[in-house]
1. Points 7 angstrom from Cα along the Cβ direction at residue 51 and residue 36: gap in nanometres?
2. Residue 98 versus residue 64, label points 7 Å from Cα toward the beta carbon: distance in nm?
3. State, to one decimal in nm, how far the label point of residue 44 lies from the label point of residue 77, with both points 7 Å from Cα in the Cβ direction.
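Bear in mind that the values in this text are calculations on the coordinates, not laboratory data. Worth saying up front: this structure is predicted, and the values here are computed from it rather than measured. Here the Cβ positions follow ideal geometry from the backbone for every residue, glycine too, while neighbour counts run over all protein chains shown.
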């Protein structure tokens, strides 16, 4: 393993070593240049650093028990209202393309 990746130490690419603060996009660009295993470790550490949002958790739970459950029950009762996965993927692709 290269020296720059040993013992949880990472050497940033030269373009990023001259300063200590980064914008989110610069942080992403610096991180994306790391090997996959290091990126995985960094991503997991970042996720663990985020405090859970109790209100979001409660809202998500409420949504799952009400709206999502109702939509599931409606689909089971009337499968003809089903949207083919290809159509859903195409809609997402269109929306994604419209963003750029």
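1. 3.6 nm
2. Going by the 7 Å Cα→Cβ label model, 3.0 nm.
3. 4.4 nm
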